[in-house]
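A.B. asks: Sharing a structure below in structure tokens format, with a few things to ask.
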Amino acid sequence: MKKIVLFDMDGTLTPPRGSLDTLLLTPLKVVANHAEIGVVTGSDIDYMREQIKFLLDNSYLRYKLHLLPCNGTKHYPPPSYRHESHSLGSEVAFKQHIGKNNFNRIMKILVDYQNYICGHFEIPLSGHFISYRGSMINWCPIGRSANTEERNSFIAFDNNYPSGHFRRILLDQLTQEFNNIGLNIKVKLGGETSFDIYPSGWDKTYALKHFKGYRAWFLGDRCYEGGNDEEIYKLLLPDSYSVESTKETAEILQKIIIPELSKRECNER
């Protein structure tokens, strides 16, 4: 049976919006001796190319590496030859799926929320608030251009908001707004500052459509209710693991997944 180990990106393989933790290179190479590797994230391919460049350039790992941006609704399979790079193999379109009018309704709601927040709350504002990624919308109230200081300021604001986490309140309100107008749309917390918005069923379990017949494992940091790893984490239990840092990812690979992959390989011989 083919095997694949799937990873979330931010908080699992990289610090939030940071580069791959090089501590993971050695265990990932060992994993690649026994299984394929997939990185499934809410981010689009441009952020993936920026954050996990070490994996894309590695002379061994790149041939075992599947890139699954936008929750796996886009799939970049591994290249076959040295001169090739990861190229788009398949994708689906949010706007086409729900129709132009419904898509515009969603955008107008997000613009109204962003305008309200700008006028009523003292938070950093950096620009690039709404990003359409083809198969999902990412909304970041402080803007995707925020630097580390601005991100940390908003995270503190979110965590210390008097009536509960600011983003969780917004998540519940947005979900209700979409339900009220009959749209079957999911809203999830994306990373530490944003929201991922997509049709129901287009969560990270969508990535598994590319690996029918595979035995799959998953590691992610947002496996709790409302987090964007929740569905795939629950679906793949007990072969899924919630982590809190890249260091914990390395520990789980070394202590649990690599020994299990080796044992299964021996049993299959």
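The values are calculated or read from the model by the stated rules, or taken from the named source; none is laboratory data. Nothing here was measured: the structure is a model prediction, and the numbers come from that model. Don't worry about glycine lacking a Cβ; one is built from the backbone with ideal geometry, like all the others, and counts go over all protein chains shown.
A.B. asks: Is it true that some residue in the stretch 143-153 is of a type in the set (S, T, N, Q), outside any loop (DSSP other than H, G, I, E, B) and assigned by TED's automatic domain parsing to the domain that holds V39? Break it down into steps so the answer makes sense when it comes.
C.D. replies: First, the residues of the stretch 143-153 that are of a type in the set (S, T, N, Q): 145, 147-148, 152-153.
With outside any loop (DSSP other than H, G, I, E, B) added as a condition, the list becomes 148, 152-153.
Checking the rest, the ones that are also assigned by TED's automatic domain parsing to the domain that holds V39 come to none.
Within the stretch 143-153, none of the residues are of a type in the set (S, T, N, Q), outside any loop (DSSP other than H, G, I, E, B) and assigned by TED's automatic domain parsing to the domain that holds V39.
A.B. asks: Right, next: Restricting the search to the stretch 1-17, which residues are at pLDDT below 90 and over 17 Å from L189 (Cα atoms)?
C.D. replies: Of everything in the stretch 1-17, just one residue is at pLDDT below 90 and over 17 Å from L189 (Cα atoms), namely M1.
A.B. asks: Of the residues K255, K209, K234, which is surrounded by fewer than 18 Cβ atoms within 10 Å (Cβ to Cβ), over 21 Å from P15 (Cβ atoms), of a type outside the set (V, I, T) and in contact with a Gly (Cβ under 8 Å, 6 or more places away or on another chain)?
C.D. replies: Working: K255 fails: in contact with a Gly (Cβ under 8 Å, 6 or more places away or on another chain); K234 fails: in contact with a Gly (Cβ under 8 Å, 6 or more places away or on another chain).
Step by step, each of K255, K209, K234 is checked, and only K209 is surrounded by fewer than 18 Cβ atoms within 10 Å (Cβ to Cβ), over 21 Å from P15 (Cβ atoms), of a type outside the set (V, I, T) and in contact with a Gly (Cβ under 8 Å, 6 or more places away or on another chain).
A.B. asks: Name the residue that is nearest to I256 (Cα to Cα), counting only residues in the stretch 1-53 that are of a type in the set (D, E) and assigned to a strand (DSSP E or B).
C.D. replies: E36
A.B. asks: Among all residue pairs at least 6 apart or on different chains, which show Cβ distances below 6 Å where the first residue, located in the stretch 221-246, is under 20 Å from L171 (Cα atoms) and the second is outside any strand (DSSP E or B) and of a type in the set (S, T, N, Q)?
C.D. replies: The qualifying pairs are D221/T12; R222/N228; E231/T205; I232/T205.
A.B. asks: Among the listed residues N58, N101, identify the single one that is free of Cβ contacts under 8 Å to residues at least 12 places away in the same chain, at negative phi and polar (S, T, N, Q).
C.D. replies: It is N101.
A.B. asks: Just the residues that are more than 23 Å from the chain's Cα centre (by Cα), closer than 12 Å to I142 by Cα and not acidic (D, E), please, taken from the stretch 114-124.
C.D. replies: Let us first name the residues in the stretch 114-124 that are more than 23 Å from the chain's Cα centre (by Cα), namely 115-124.
So of that shortlist, the ones also closer than 12 Å to I142 by Cα come out as 115, 117-118, 121-124.
Matches in the stretch 114-124: N115, I117, C118, F121, I123, P124.
A.B. asks: A follow-up question, please. Among the listed residues D203, D158, identify the single one that is closer than 30 Å to V31 by Cβ and of a type in the set (D, E).
C.D. replies: D203
A.B. asks: Go through the stretch 136-150 and count every residue that is surrounded by 14 or more Cβ atoms within 10 Å (Cβ to Cβ) and under 28 Å from F103 (Cα atoms).
C.D. replies: So the answer is 10.
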